[in-house]
Amino acid sequence: FEVMTSAGMVDEASIAAAFSPVVAQGTEESTAGTATAAAIEALRIDEQATKTTATPSSNTRTEPQTAEEKLKQDVDDDYFGSYSTFDIHRDMIGDTARTESYRDALERNPSLIKGKKVLDIGCGTGILSMFAARGGASKVVGVDGAKHIAQVARANIKHNGFDADGSSQIQIVQGKLEEIKDGIPEAPFDVLVSEWMGY
């Protein structure tokens with residue numbers, strides 16, 4: 001969290017509000033007051049509803065027809081489900097050396113980023129998308145297959161002022177890349193980024 005604060009992405013109060021549901025698991029503290037907190041509250045409500053109903057994951061596009069398709073769907077649902085909670089994102093952002101390396105690569109290389117269209121694959125909380133925008137990208141599209149975390153990324157981007165002027169420099173699209181590839185806005189892209197290290 002130090003990285004996001006030192007990078008000027010959010011203040012300490014926002015980070016505390018964003019991650020308090022994870023840290024204080026089960027407490028009934030209100031986290032209303034910021035866009036991020038509102039997204040987190042929606043996430044908690046949606047997660048509770050998901051736990052109480054035995055419906056398939058929201059990532060399910062069509063019902064699998066064969067045993068092989070069913071297995072693949074189950075693997076995909078488990079994978080994207082694991083990225084829908086804050087635990088893994090807290091670990092990734094908290095890895096200071098890793099996060100600062102991404103920040104430096106995206107913000108300190110204007111010849112690679114400035115004026116370019118960037119696709120952030122597996123955008124998670126949107127941190128790489130925001131780093132790319134701060135590095136001068138003309139447009140950034142973040143894609144994530146985990147519905148809940150894509151909602152959080154949208155809230156983080158708004159909370160950090162990237163859409164304050166209405167330019168929509170960063171756009172988040174929810175879905176599996178292979179299923180939405182023809183519907184991704186701004187394609188083709190000049191730069192691809194993905195936070196792949198360690199997870």
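Measuring from the lowest to the highest alpha carbon on each principal axis, how far does the range 90-194 reach, largest first, in angstroms?
32, 31, 27
Just to confirm a number: summing +1 for Lys and Arg and -1 for Asp and Glu over residues other than D190 whose beta-carbon lies under 13 angstrom from that of D190, what do you get?
Taking every other residue near D190 into account, the sum is +2.
Kindly state, to the nearest 0.05, the FRET efficiency for K70 paired with A97, given R0 = 25 Å and r defined as their beta-carbon distance.
In this case the efficiency is close to 0.05.
When the Kirkwood radius is taken over all Cα pairs of the range 90-143, what Stokes-Einstein diffusion coefficient follows at 10 °C and 1.306 mPa s, in µm²/s?
Answer from the Stokes-Einstein relation: 144 µm²/s.
Applying a 10 Å radius around every beta-carbon, put 132-145, 174-187 in order of their mean neighbour count, most first.
Order by mean packing, descending: 132-145, 174-187.
So what's the net charge close to A153: Lys and Arg +1, Asp and Glu -1, counting the other residues with Cβ under 13 Å from its Cβ?
Result for the neighbourhood of A153: -1.
Since every read-out is calculated from the coordinates, none of them should be taken as a lab result. Bear in mind that the values here come from a model prediction, so they are computed numbers and not experimental data. Cβ: placed from backbone, ideal geometry, glycine included. Neighbour counts: every protein chain shown.
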